[in-house]
Amino acid sequence: MAARQAPTLAASDGITRSAAPDAETAPGPLAIRGMTIAYGEKPAVFSVDMSITPGSMTAIIGPNGAGKSTLLKAALGIVPALSGTVTVFGRPIGEMGRRIAYVPQRASVDWDFPARVQDVVAMGLYRELGLLGWMRPRDRERVRDCLERVHMAAFAGRQIGQLSGGQQQRVFLARALAQDADLYLLDEPFAGVDAATEAAIIGVLTALRDAGRTIVCVHHDLSTVSAYFDHVFMINVSRIAEGPVATTFTAANLQATYGGRLLAAQIRDLGLGDVPRPDAPCPAPLRS
Amino acid sequence: MSAEFVQLSLVPLLIGTLAAMACAVPGNFLVLRRQALMGDAISHVVLPGIVAAFLITGRVSTWPMMLGAAGAAVVAVVIIELIRRIGRVEPGAAMGVTFTAMFAGGVLLLEQSDTSAVHLDVEHALYGNLESLVWLAADGWASLGDRAALADLPPELLRMGMAAALVLALTALFWRPLKIATFDEGFARSQGIPVRLLGFGLVVVAAIAAVAAFDAVGSIIVIAMFICPPAAARLMTNSLERQLGWSMVFAALAAILGYVLAGYGPGWIGSPHAVSASGMIATISGLILALACLFGPARSRLSAPSEP
Ligand SMILES: Nc1ncnc2c1ncn2[C@@H]1O[C@H](COP(=O)(O)OP(=O)(O)OP(=O)(O)O)[C@@H](O)[C@H]1O
Ligand SMILES: [Mg+2]
C-alpha cells in the first residue's frame, strides 16, 4: 500500500520537504503492537495493533469512548500501557519525541497564564532554540506564518484564555506546526471549528502530507473521511479495520465499529451501499 | 547629609532592594503555579536545616546555613513525594503535614541545643535587622572608591548580592523550560523537559532567596515579596517576560519607599520613633498590589467569563 503521491505544492507553504519515504525498507512512522490499556478493571483499548503508512493521512474513527484518545496518549507514553510496544520511525518513543507533534483533544493548560497567542506558538520552537537560543527575526516570522496557516494571525497578541474554544484549538495546532515534526498526532482538530477554518486546516494538513509528513487524526465526521483522508483506522476498544480508505471504509466495517449506534440510513447517506445483514456474505468493498 | 546617607542608609537600601528582588523573581513562578504560600512553607521547612547547620559549624554564617536550608528543602520534597505515593493523599495535605512537622522539628532542635549565644529569636526571624546594617567606615560617596572603607562593608551585603545574582542567573538560564512547564506540563514532558526536576529546582532557588533574605531582613519581607510584586505584576501585563520586569520594579520600589518611609515618615507626622523598615516594606508592597488590583491594565480577565 504505497502512500498517495499528490502533486507538489507551491514552495510558499513554509514546509521543507523530506525525502520520499521508502515504504518497503524504512521503519513506519508509528507502529503499535498488542497494546492494551485499562484505567480501571475494563480495558479501554484491548490488544490493538496499528501500523501507520509513511506519508499517509490517517483518520482514526470510532464511537465515543472507543479508546481513540487513549490509544494516541499511550502511543506518546502519556498514559501507561498494560502491555504492548510502540515504535516511532523504528525507535522507542523516548528517543523520537523531537519528531512527533501532538495536539490533544482538550489542552489542559493554565488558561489564566500570562502568555499571548504568539508566546504559546513560540513554545513549539523549544527543541530548536533550547535553553538560551534567542528568537531570531526568522523564528518570529515562522511563528507568524504558523498562525496565519490556521487563520489566527489577527489574535497574535491576545491572552490565551481570552479566546473561544475553537480559536484555542487552532492555537495549539499552530504550536504543533511550529514544531516542524515528521509525525503529527491530532485528536479531533475539527471539533468546534467553523467550516472556513476546517477547510483551512485540512489544507494545511494536506500540504504537510504532500511534503512527506505523516498525519494521524482522530475524526468524528464520517461524511468527510473519504474526502480528507487516504487511510482509515477503525477502533472500538479492539481494532476493527485498518487500511486505505477505498478498501477499508466500508459499510460492513462501519457497522462493526459503531454497532447499532449507526443507523443503516446514515451509512447509506455516506454512499457506501447497504448494510450487510449479519448472516449475509460480506459484499465487495464499495468505493465512495 | 550625603555622608550620613552613605553611612546609615545606603547599605540597608541596597540589601533591602536585593532581598526583595531575589524573592520576587522566583515568586513569579510560585504564584503562577498556585504555590504562593511555598515561600511561607519554605521558611518553616528550612528551620531544622538552619539549626542543624548552626549546630555543626557553631556559627551563624550564611553559606553553611544556606546549604542546610537547601538540604532541608530537598528532604521536604522527598518526604512530600513519599507521603503522596504511599499514603495516596492530595499534594496539599502532604505538604501541610511535612512543613509543620519539619518546623516543629526545627523548634525542638533549637530548644534542645545551646543557641542562646545567637540571636535566633522570634523578633529577628520576623523583622530581621535591616536598620543595623550600617557602614560606619564610610564618610561620603567617595568611600565607594576607598579600599579600606569597602572592606568594612557589612558582609550581609555581599552575601545578599551573591544570592540575588545566583537566583537571577538560574532563572535566566532555565527561563524557557520553566515557562513552558508552568503553562502546559504535558507539552513540556513531550518536549523532553524534566518537569519534576525543574519544579524541585524552583523550590530550591526559592529557598536560597528565602534564606538569604531571611538572614538580612526577616521572614515578613520574604513572604510579602514572594507574593505581592509578582501578583501585582500579573495585573499589569499578559506577557510573562514583562511580568518579570514589573515584579522587579515593584519589589525595588517597595524596598526603597518602605525603607525611606519607615525612617523618615514618622518624623513627618511628628513622631520621634522610626517604625520597622521590614514591616513598612511589606506594607508598601501590599499597597502596590492593591493599586494594581484597582488600576492594572490586565486585570479585566478576572471579571471576564472564563472559558472552560
Ligand atoms: N482518565 C481516565 N480515567 C478513567 N477512565 C478513563 C479516563 N480517560 C478515558 N477513560 C475511559 O476510557 C475509555 C476510552 O476513552 P477515550 O477518551 O480514549 O475515548 P475516545 O474514543 O477518545 O472518545 P471521544 O470520542 O469521546 O473522544 C472510555 O470508556 C472512558 O470512559
Ligand atoms: Mg477522545
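The values are calculated or read from the model by the stated rules, or taken from the named source; none is laboratory data. Quick caveat: nothing in here was measured; it's all calculated off a predicted structure. Cβ sites come from the backbone with ideal geometry, for glycine too, and all protein chains shown count toward neighbours.
Data for the structure
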{"item": "Qualifying positions in the range A:62-89 - more than 16 Å from ligand 2 (Cβ to nearest atom) and under 19 Å from the mean Cα position of the chain (by Cα)", "result": "A:Gly77, A:Val86, A:Thr87, A:Val88, A:Phe89"}
{"item": "Residue identified as closer than 24 Å to A:Arg98 by Cβ, of a type in the set (Asp, Glu) and without any contact (Cβ under 8 Å) to a residue 12 or more places away in the chain among A:Glu141, A:Glu198", "result": "A:Glu141"}
{"item": "Scan of the range A:55-85 for residues that are among the β-branched types (Val, Ile, Thr), within 16 Å of ligand 1 (Cβ to nearest atom) and either in a strand (DSSP E or B) or within 13 Å of chain B (Cβ to nearest Cβ) (or both), ordered by number", "result": "A:Thr58, A:Ile60, A:Ile61, A:Ile78, A:Val79"}
{"item": "Cβ pairs under 7 Å, 6+ apart, first in the range A:231-243 and more than 14 Å from every other protein chain (Cβ to nearest Cβ), second away from ligand 2 (no atom under 16 Å from the Cβ) and among the β-branched types (Val, Ile, Thr)", "result": "A:His231/A:Thr53; A:His231/A:Val245; A:Val232/A:Val225; A:Val232/A:Val245; A:Val232/A:Thr248; A:Met234/A:Ile240; A:Ala241/A:Thr248; A:Glu242/A:Thr248"}
{"item": "B:Gly201 outside any helix (DSSP H, G or I), closer than 30 Å to B:Val78 by Cβ, at pLDDT below 90 and within 14 Å of chain A (Cβ to nearest Cβ)", "result": "no"}
{"item": "Of all residues in the range A:149-174 being in a helix (DSSP H, G or I) and facing chain B (nearest Cβ under 8 Å), the one that is nearest to A:Arg98 (Cα to Cα)", "result": "A:Gln168"}
{"item": "Checking A:Arg116 against (1) more than 7 Å from every other protein chain (Cβ to nearest Cβ); (2) on the phi < 0 side of the Ramachandran plot; (3) more than 24 Å from the chain's Cα centre (by Cα), the condition it does not meet", "result": "(1)"}
{"item": "Residues of the range A:98-113 that turn out to be touching a residue at least 24 places away in the same chain (Cβ under 8 Å) and either within 16 Å of ligand 1 (Cβ to nearest atom) or on the phi > 0 side of the Ramachandran plot (or both), as a count", "result": "5"}
{"item": "Extreme residue, nearest to ligand 2 (Cβ to nearest atom), among residues of the range A:175-195 that are more than 23 Å from A:Arg98 (Cα to Cα) and in a loop (DSSP other than H, G, I, E, B)", "result": "A:Ala191"}
{"item": "Identity of the residue in the range B:180-198, modelled with pLDDT of 90 or more and not in a helix (DSSP H, G or I), that ends up surrounded by the fewest Cβ atoms within 10 Å (Cβ to Cβ)", "result": "B:Pro194"}
